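What follows is a single structure, and I will ask about it in a moment.
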Amino acid sequence: MKREGSETVLALEGIHKRFGDRPVLRGIDLTVKAGEVVVLIGASGSGKTSLLRCINLLNIPDQGRITIAGEPIFDVEEGGRDRLKLPPRQVNRIRAKTGMVFQQFNLFPHMTALGNVIEGPVIVQGIDRAAAEKRGCELLDQMGLADHRHKHPAQLSGGQQQRVAIARALAMNPAVMLFDEPTSALDPELVGEVLKAMLALARSGMTMVVVTHELGFAFEIADRVVFLDEGIVVADGAPKDVLLKPEHPRLKAFVGRFHETADMLRPFLEAAQR
Amino acid sequence: MSFDFSVITQNAPLLWQGFLITVYYTVITIVAGMIIGLVVGLIQLTPYRLLAWLGRVYVEFFRNIPLLVILLWTYYALPIFMGLNITKGWAGFVALSCYVGAFYAEILRAGVQSIEPGQTDAATAIGMSYSQRMRRIILPQAFRRMVPPLAGQSIIQMKNTTLLSIITVPDLLYQASYISSFTYRPMEIYTAIGIIYVVVLTPLTLLARRLEKRGGLSL
């Protein structure tokens, strides 16, 4: 999956963020290359979702530098001086180079599946409606939703809604896709279809940053796994190193809890194999 | 004492004139109030603190002063302080519009704030500007939720136009008091007025209920 020597799509340097008195990110550096799939893991409250939301400035960091596809979108030094002073139009334009998929799907309930997918291209990019619809249909087909184009979100299952949300993000032709716990709000039997769609996307060469609790999936999909603890990157490396040979005590404990859960499932799996 | 409703039929033309005035002021103040409400409501939602604060002041001012006081003040005090001569029609229009506008603004603000923050996140993430977000994503959803309270406030507005009679705008209530002044039949006349309001407003209430149900289903 990894492409050697490819260009940097996303660069974060020294990202700090606090909510009130509580520091959630304390100097994060993260670089993502084209075609790379980076999975962020960590206990709840470790800052992984905040970090993801900082990438497209849904959360504004207090300081640090962010560059998306070669264009700086955020550069604030310690003390709060903004070195870029980008007008909102420019921020919106660069932000649209990232596609985001949310835990709660956040589809627009007053539009059909297709309406959701073409909203960005038509309204933001000013693409001709017919062309946007053609591409939108292709993306929905790709997500296995060909029969659901004209349904409203309320008529779709959680798994289907999340796949519409992925298509909506892809419609903007983003340089990088950001996934914020995309399966956490799903019924267990619907998780698989969303993970499958994400895996296919990763295999097609899409650059992705994924926040997830599904460590098995992380192992499968990731080129790199990044472990966050109390707002700091504690481990960053290949999945087999980070997940199978954890060194840092906090990471060990975190992965250990995952193994415990897996152990609890073992009798069930063994019974199924018998 | 027996009711004699012949005073109603005899003075039907006067009542009809009053009715038209009532409908006229109801409609124009609702329209103007909606425009005020939209502007003040959106102002309250802007990230600019001073603007938001001004919107807040407007709302609290007009919401917390009795309409009768606003009306009398606009008609009698405004000309003295501002040195401009304002007709009773304009005074009534301005006072009623500003008053209902404050309530509409609150309905709008509450409607917009009831939309899940995830909708703003999703719209922002695909690169939408503030105005695109409002126009395409937030307001269309908020308007559906606002239908019932808007209908309720508008029904109250029609009844509030009766206060116009205080500054001698010849609305339905003014005509009623005028007719009773020479027929000495206030009971019959005010009963008739009440019936007219019920007959006009009940179908509107039912219509609002239907809209509410439709809005609820489509979300």
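Could you tell me which of A:Leu10, A:Leu25, A:Pro88 has its Cα farthest along the dipole of chain A towards the positive end, charges placed at Cβ (Lys, Arg +1; Asp, Glu -1), taken about the Cα centre?
The listed residue farthest towards the positive side: A:Pro88.
While we're here: What's the extension gain from A:Asn173 to A:Lys196 if we count 0.36 nm per residue and subtract their Cα-Cα distance?
So the extension gain works out to 6.3 nm.
Restricting attention to the range A:57-98, which trypsin sites (Lys or Arg not before Pro) occupy a DSSP loop and are surrounded by at most 14 other Cβ atoms within 10 Å?
A:Arg81, A:Arg83, A:Lys85
Related question: How would B:Glu212, A:Glu71, A:Glu181, A:Glu78 line up by accessible area, probe 1.4 Å, largest first?
Ranked from most to least accessible, the order is A:Glu78, B:Glu212, A:Glu71, A:Glu181.
In nm, give the distance between the simple-model label positions of B:Trp73 and B:Thr191, each being 7 Å from the Cα along the Cα-to-Cβ direction.
Calculated label separation equals 3.9 nm.
While we're here: Which order do peptides B:201-208, B:54-61 fall in by mean Cβ count within 10 Å, highest first?
Put in order of decreasing packing, that is B:54-61, B:201-208.
Okay, next question. If you take each beta carbon of peptide A:103-115 and count the beta carbons of other chains within 10 angstrom, what is the mean?
Mean shielding count: 4.
Another question, if that's okay. Calculate the mean, over all residues of peptide A:158-165, of how many other protein chain Cβ atoms lie within 10 angstrom of the residue's Cβ.
What the average comes to for A:158-165 is 0.
Starting from the Cα of A:Phe219, move 7 Å in the Cα-to-Cβ direction to define the label point; list residues of the range A:248-274 whose amide nitrogen is under 14 Å from there.
Residues A:255-266 fall inside that zone.
To make sure I understand the rule: partners must be lysines, Cα under 22 Å from the Cα of A:Lys17, and not fewer than 8 residues away in the same chain. Which ones qualify?
Correct list for A:Lys17: A:Lys48, A:Lys85.
Determine the calculated [θ] at 222 nm for chain B from helices alone, applying -39500 (n - 2.57) to every DSSP H run no shorter than 4 residues and normalising by the residue count; nearest 500 deg cm²/dmol.
After summing the helix terms and dividing by the residues of chain B, the value is -25500 deg cm²/dmol.
Under 19 Å from a point placed 7 Å out from the Cα of A:Phe19 along the Cα-to-Cβ direction: which residues of the range A:226-264 have their backbone N that close?
A:228-233, by backbone N distance to the label point.
From the square roots a ≥ b ≥ c of the eigenvalues of the alpha-carbon gyration tensor of chain B, which class results: rounded (a/c under 1.5), prolate (a/b over b/c), or oblate?
Verdict is oblate for chain B.
Between the range B:78-139 and the range B:37-51, how far is it from one alpha carbon centroid to the other, in angstrom?
Here the answer is 7 Å between Cα centres.
Tell me, what HN-Hα J-couplings in whole Hz come from the Karplus equation 6.51 cos²θ - 1.76 cosθ + 1.60 at θ = phi - 60° for each residue of the range B:134-150, using x for Gly and Pro?
Result, ordered by residue: 4, 5, 8, 10, 7, 4, x, 6, 5, 4, 4, 6, 7, 3, x, x, 5 Hz.
Helix-only mean residue ellipticity at 222 nm, chain A, DSSP H runs n ≥ 4 weighted -39,500 (n - 2.57), per residue, nearest 500. What is it?
Only helices count here, giving -11000 deg cm²/dmol.
Moving on. Just to make sure I understand: if all protein chains stay in place, what is the order of B:Ser181, A:Ser6 by accessible area at 1.4 Å, largest first?
Correct descending sequence by accessible area is B:Ser181, A:Ser6.
Moving on. How large, in percent, is the carbon and sulfur part of the accessible surface of the protein assembly as shown at a probe radius of 1.4 Å?
60 percent
Hey, quick one: spin label on A:Ile232, modelled 7 Å out along Cα-Cβ, who in the range A:47-76 has an amide N within reach, i.e. under 16 Å?
A:47-48
Averaged across B:128-137, how many Cβ atoms of other chains sit within 10 Å of each residue's Cβ atom?
Averaged over the peptide's residues, the number is 4.
A further question on this structure: Just the number, please: buried accessible area between B and A, total of both chains, 1.4 angstrom probe, nearest 100 square angstrom.
Adding both sides of the contact gives about 1700 Å².
I'd like the accessible area for B:Ser129: 1.4 Å probe, protein heavy atoms, all chains in place, Å² to the nearest 10.
About 30 Å², ignoring ligands and nucleic acids.
The values are calculated or read from the model by the stated rules, or taken from the named source; none is laboratory data. On a predicted model such as this, the values are computed, not experimentally measured, just so you know. Cβ: placed from backbone, ideal geometry, glycine included. Neighbour counts: every protein chain shown. To get the accessible areas, we keep the full protein, side chains included, count just its heavy atoms, and leave off ligands, DNA and RNA. Shrake-Rupley method; radii C 1.70, N 1.55, O 1.52, S 1.80 Å.
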